[in-house]
Structures are given as structure tokens and as C-alpha cells.
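Before any comments, here is the structure.
Please treat every number below as a calculation from the coordinates, not as lab data. Values in this document were obtained by computation on a predicted structure and should not be read as measured data. Note that each Cβ is placed from the backbone with ideal geometry, even for glycine, and that neighbours are counted across all protein chains shown.
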Amino acid sequence: MASIKTRRRVVGLVLIFAILAGGGFAFKDSIRSVVDVITGAEYSGTGTSAVVITIHAGETGEDVAKTLVSAGVTKSFSPTYREILRRNAEFFPGQYQLKTEMSSATAIELLLTGGTRVETKVLIKEGWRASQIFKALSKTYGVALSDFEAVTPSDLGLPSSALNLDGYLFPATYAFVPGQSALSMLKAMHQRIQQELSDLGVSESKAHRVLTLAALVQREGRSSADFSKMARVFLNRIDVGMHLQSDATVSYGVNSNTVSTTAAQRANDNPWNTYLHAGLPAGPISAPGRAAIEAALIPAAGDWLYFCTVNLETGETEFNATYAGHERSVAKWRAWMTANPGWK
């Protein structure tokens, strides 16, 4: 003998078909949804437990329907895919937080409005080297570090003067999507710095020099308030034929991260060593932010030829026009280093 539940389903279906026969085809989508619920092919509620699904770039509506069913969000494929086709739905790649046991209509509506999208953000800090940027992106998005390291300057359309990607990736907070390639992430970061340069009126022919100076200022500076004065120091030195003698360039050239450098490091002959080579280094040594780029474009007025950060914790920096004044600042820095042996 049929159960009461089964008899009710049969009665419900009979009523629905009667409505259809009586001219209810105008409501066929709604009626079909009711049929799906009655037959157990569809959930009727707004969901129970939270679940996160991922839509990858290039996935079709069929792929999304399968993902929803596999995650337990919707009950079965046919009504889910039918709802996607009915809505002519186009989905943006990303992660979305939904609930299990939702109706197809509710699930698709939430995906289309984007209100349930979960963004995975990464902060790229000013002054970071490309290698640091690669590690942060790899860790955040699960893309192999080697994929980032394999991207070349020509892949991003950088000028021939660019020996690597340093300085050409803008530091900011980004939100990339699951499955996005290393190349596409780095292209987005490069496009961002191109936009910054364009906004500041920097021509393509001057970009490399501006970024090289800005990156040097960014790496040497402890406070953005000093950036324009630092830019002036470097330009003054170039004007009078002095080597820049930046420890930051030496450290970069030998792949070190220390503030001070050794005699051996300063003797290392590489194109970034401004103790050995005159003028700016061969290219940017870090990712400059907007303030550093602006400082490179509009340096402060002054006759300084030297600067020295006398307190690495507070960033206090002294600027001098004479070597005697610089020596006094260096003495302060050495005294501070002696009192704070943990700093390098």
C-alpha cells in the first residue's frame, strides 16, 4: 500500500497537470519548480550550513551547476542547470559563500548579485623586491613560486632597459581570483603602475629612470616626509660627479637584506653597485609607491650631498651639505647601532 507521503505527491502532481491543461503554461517555470520540490529533485528552503564554492575562469553554466550539486548547495543537476539557462546567467570567477540545501533559484540569484563573493586579498608593501612579491602571491593564491619566477620583462612588455621585474609592479592591495595565472597577476600589477605613471604625466621614455630613482628613494627612506630630500641628494651627487654610494643598491646587487654592507659587498662588481659605478643603478631595486615616484619627479630644493638615518627605529634622518656634517651624523648612527645590537 502506498504511503500517505507518496499519495500526497501523486495528488499534487495530478493537480499541477490539471492546471497546465487548464491554461497554466504561462506559469510553467514556477510550476516546474514546484514539481521538482514535490518529486524530491529540488530543495525548497534558503539553506542550512555555510559552504564555499569556487567558480574558475572559463567555466560554463554546466560546470557551475555540477559544482553547486557536488557541494550540496542544490539538490540535483537538471533543475539547477535549467535555472541557469532560464536566467541566461554569466558568472564571474571567484569564491562564493552559500549554504547547503538551497533552492536553485536562490543559489543562482546569490551568485549573480555577487553579495556572497569571498575575496582573497594580498597586500604588496612599498619597498618590496620582486622576489618578496612573488612569495606573497604564491602563498596567498597557491600558485607555484616558480611560475612567478619564470615571468620575464618581455612577458610584461617592459623596456629593454629593464633587467628584471623590480620596480615595475605597483605596491597595493590586490584581490585576485582562484585559478588566475602568475602572468595575469603580474600583468595586472604592471598595468597599475603604468596607470600611476600616466596620471603623473611620466612619458614611456622616462619611466625607467623615474622608477629607478623612486625605487632607490623608497628603499633608502624611512619616512615619506624625507623622500623628496633624498631624491635631491642623489640628483645633486650625479650633478657634481659623485658616486651615489647607496648601501641599498649594494645590498640589492648581492641579494642581501641588511641595512649596512661589508667592504667585500661594496667591492662586488654588479650593475647596481653605486659605490663602483657612477649615476643611478642599472634599474629599480624595489617597488616604489606613489609618494616615492612623486619625490623622484619633484625633488626638494637644497644643496645636500649626504644623508644618514641616525635612528633606525624612528627613522630619524639627517641631511648635510658637507662631509664634516655627515661624519657627525654617521657617529650618531654608529652610537645608536652599538646601543641596539639587534639591528643590521
Practice item. Using amide H atoms built 1.01 Å from N in the peptide plane, name the residues 5+ places from TRP272, or on other chains, whose amide H lies under 5 Å from its own. Key: ALA282
Review point. Which cross-chain or sequence-distant (5 or more) residues have an amide H under 5 Å from the amide H of ASN311, H modelled 1.01 Å from N in plane?
Key: GLU316
Review point. Placing +1 at every Lys and Arg Cβ and -1 at every Asp and Glu Cβ, with all other atoms neutral, what dipole size does segment 207-339 have around its Cα centre, in debye to the nearest 20?
Key: 60 debye
Check your understanding: Going through segment 270-317, which GluC sites (Glu not before Pro) have at most 13 other Cβ atoms within 10 Å and a DSSP loop state?
Key -> GLU313
Check your understanding: How many angstrom separate the Cα center of segment 49-97 from the Cα center of segment 161-222?
Key -> 36 Å
**Study point:** Estimated dipole of the chain in Debye, rounded to 20 [Cβ of Lys and Arg +1, of Asp and Glu -1, Cα centre]
**Key:** 1080 debye
Check your understanding: Taking other Cβ within 10 Å of each residue's Cβ, how do MET230, MET242 sort, fewest first?
Key -> MET242, MET230
Practice item. Over segment 125-199, calculate the relative contact order: mean separation of alpha carbon pairs under 8 Å at least 6 apart, over the residue count, as a percent. Key: 33 percent
Check your understanding: Okay, helix-only estimate at 222 nm for the chain: each DSSP H run of n ≥ 4 adds -39500 (n - 2.57), divide by all residues, round to 500 deg cm²/dmol; what do you get?
Key -> -14000 deg cm²/dmol
Practice item. Return a single number: how many Lys pairs in the chain, at a sequence separation of 8 or more or on separate chains, have alpha-carbon atoms below 14 angstrom apart. Key: 4
Point to revise | Residue order, fewest to most surrounding Cβ atoms within 10 angstrom, among LYS332, LYS99 | key: LYS332, LYS99
Point to revise | Extension gain from ARG87 to ASN268, taking 0.36 nm per residue of separation minus the Cα-Cα distance | key: 58.7 nm
Point to revise | Sorted by Cβ neighbour density within 10 Å, fewest at the top, the residues GLU62, GLU119 | key: GLU119, GLU62
